[in-house]
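Working notes, structure below.
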Amino acid sequence: MAQHRDSARESILTAFQELLIDTSGSGASLDAVARAAGVTKGGLLYHFGSRDGLETALIDRLETLADAEYERMRAAPKGAAAYYVAMAEYVNSPLDRATLAGGTLARRNPRARTVIVDMRRRYFGILNDDLRDPDLARATMLLADGLYYDATTIGEPFEHELDIPAFLARLTPRTVS
C-alpha cells in the first residue's frame, strides 16, 4: 500500500513538473495537474496538501537530484570539467526536467530561485576546484551552456563539433617549472 502511495505521489509530482515546463507555468493548476496525473484533485491534495506543498516537493526533488549530480561530478574519472560539458546524457534527464521546472517556479517562488542560483554556484565551485582557475571554470560553464543550447534547440551536432577532452586539455592550467 505504501508503494502505491509513493507511486501516486511521484506521478503527481512528475505531472506538475511537466506541466510547468510545457506551459511555462500557466497551465499547471491543481486541476490540470490532477488530470495529467490521473488522480482526483482530492487525491492530489491528500499527497501534497496545497499548491505550496506541491512546489516544495518539486524543489526538494530538484535539490536531491542536484546533490547526486555534484557527487558524480566530483568523482568523474576524467575530471569535473569534462563531466560537466558532456551534455548528451543530461538533456531530458530527470535532473534536466526538474531544473527546467524549477526555473519556471523560480520566477515567483523565492526558494526555487535560491536553489537554482545555488546550483550554479555549486557547479562553479566544483569546476573551480577541478580547474584551479575561476576564469576557466566560468568559461567551462558557458561552453556547457552553449552545447546544451545546441542539443535542445537543433538536436544535432554543430558542423564543427568540439573534441571536448582535447579542448579541456588545452584550457587546463599548466604548472610552470
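Limited to the range 143-164, what total is found for residues that are open to solvent by less than 90 Å² (accessible area, probe 1.4 Å) and either β-branched (V, I, T) or outside any loop (DSSP other than H, G, I, E, B) (or both)?
So the answer is 11.
Between a residue in the range 78-90 that is modelled with pLDDT of 90 or more and any residue that is assigned to a loop (DSSP other than H, G, I, E, B), which pairs come within a Cβ distance under 8 Å, given they are 6 or more apart or on different chains?
A81/T172; Y83/A76
Of the residues D96, D52, D67, which single one is in contact with a Phe, Trp or Tyr (Cβ under 6 Å, 6 or more places away or on another chain) and among the acidic types (D, E)?
One residue alone meets the criteria, D96.
Residues checked against (1) more than 22 Å from the chain's Cα centre (by Cα); (2) at pLDDT 95 or above; (3) open to solvent by 50 Å² or more (accessible area, probe 1.4 Å):
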position: R120; (1), (2), (3): no, yes, yes
position: D135; (1), (2), (3): yes, no, yes
position: M141; (1), (2), (3): no, no, no
position: A169; (1), (2), (3): yes, no, yes
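So G38 ticks every box in (1) more than 24 Å from the chain's Cα centre (by Cα); (2) at negative phi but one. Which box is left unticked?
Status for G38: all satisfied but (2).
Among the residues of the range 28-35, is any of a type outside the set (K, R) and in contact with a Gly (Cβ under 8 Å, 6 or more places away or on another chain)?
Within the range 28-35, one or more residues are of a type outside the set (K, R) and in contact with a Gly (Cβ under 8 Å, 6 or more places away or on another chain).
The values are calculated or read from the model by the stated rules, or taken from the named source; none is laboratory data. Please read all numbers here as calculations on a predicted model, not as lab measurements. With ideal geometry, Cβ positions are generated from the backbone for all residues, glycine too; neighbour counts draw on all protein chains shown. Side chains included, ligands, DNA and RNA excluded: accessible areas come from the protein's heavy atoms. Shrake-Rupley method; radii C 1.70, N 1.55, O 1.52, S 1.80 Å.
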